[in-house]
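See structure below.
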Amino acid sequence: MVEGAIATAVAALVNRDETLARKVVDEDAEIDRMEVDVEEDCAKILALYQPVAGDLRFVIAVLKINNDLERMGDLAKNIAKRVLYLARVDQVEIPVDFRSMAVQAQDMVKRSLDALVQADSSMAHQVRQDDDVLDGMRRTIHEKIRAAIRARPEQTETLMKLYSVAKHLERMGDMATNVAEDVIYMVEGDIVRHQGEDELPDDQEEETGRGEV
């Protein structure tokens, strides 16, 4: 359902389709309900069966991934809400193509979930590496939108709505990376969340990980 919500939100964005956007917004409540159901099931398993070793890692990973999936659904809903706004204002001409970024984000989400289903840690490691590609795409869009705001300040609100779409797509990549890291923990028993991350100067720090959007 989350993968479908992402695909529908992206299609709504590309086509400025209010009907598709409303579909994503309306169906988010079902994703929320499913998240609660999965969490309750995990709690019952922990209480009744007291799993250990690999089984315990699996339940812990599912609990965390369950939360990330719900948040991906929220990000898809947020993009859909931006579409509802953008569909009602004059189209802004900027040299930004969200399709490639959306495809990258969708691919990372799909492969992270495939890695979970297949217990494939090598695929999860690859998803983790690919997050840098998505971050680079977001930075490129950011620079283009900043230039457009300087050239056409009267369109600042609309341009910022467009930039928020890029941020939400980047955050989907972050969530997919979280899923991949939980798969690695589930399969290999290693916690890799903070491995390989470069420290940024204080004035260049950006949101990553499980923070709120």
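The values are calculated or read from the model by the stated rules, or taken from the named source; none is laboratory data. Quantities reported herein were computed from a predicted structural model and do not represent experimental measurements. So basically every Cβ, Gly included, is an ideal-geometry build from the backbone, and we count neighbours across all protein chains shown.
Quick notes on this structure:
- Of all residues in segment 39-66, those that are without any contact (Cβ under 8 Å) to a residue 40 or more places away in the chain and surrounded by 14 or more Cβ atoms within 10 Å (Cβ to Cβ) have Cβ atoms under 7 Å from Cβ atoms of residues that are part of a helix (DSSP H, G or I) and of a type in the set (D, E, K, R), 6 or more apart or on another chain, in 63/39; 66/35; 66/39.
- Neighbours by Cβ (under 6 Å, 6+ apart or cross-chain): first from segment 110-139, on the phi > 0 side of the Ramachandran plot and at pLDDT 90 or above; second in a helix (DSSP H, G or I) and crowded, with 18+ Cβ neighbours inside 10 Å: 119/187
- Against the conditions (1) part of a helix (DSSP H, G or I); (2) in contact (Cβ under 8 Å) with a residue 60 or more places away in the chain; (3) surrounded by fewer than 20 Cβ atoms within 10 Å (Cβ to Cβ), residue 92 satisfies every one except (1).
- Subset tally (residues that are within 11 Å of the chain's Cα centre (by Cα) and under 19 Å from residue 37 (Cα atoms)) for segment 54-80: 7
- Test result for residue 190, surrounded by fewer than 19 Cβ atoms within 10 Å (Cβ to Cβ), touching a residue at least 40 places away in the same chain (Cβ under 8 Å) and on the phi < 0 side of the Ramachandran plot: no
- Only one of the numbered conditions (1) under 30 Å from residue 119 (Cα atoms); (2) assigned to a helix (DSSP H, G or I); (3) not β-branched (Val, Ile, Thr) is violated by residue 51, and that is (2).
Results for (1) under 23 Å from residue 92 (Cα atoms); (2) among the aromatic types (Phe, Trp, Tyr); (3) part of a helix (DSSP H, G or I), shown as yes or no for each residue.
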| site | (1), (2), (3) |
| --- | --- |
| 132 | no, no, yes |
| 140 | yes, no, yes |
| 147 | yes, no, yes |
| 155 | yes, no, yes |
| 163 | yes, yes, yes |
| 169 | yes, no, yes |
| 173 | no, no, yes |
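- Among the residues here, residue 97 qualifies as of a type in the set (D, E, K, R), over 13 Å from the mean Cα position of the chain (by Cα) and modelled with pLDDT under 95.
- Those residues of segment 3-31 which are β-branched (Val, Ile, Thr), in contact (Cβ under 8 Å) with a residue 12 or more places away in the chain and exposed (fewer than 15 other Cβ atoms within 10 Å of the Cβ), in sequence order: 14
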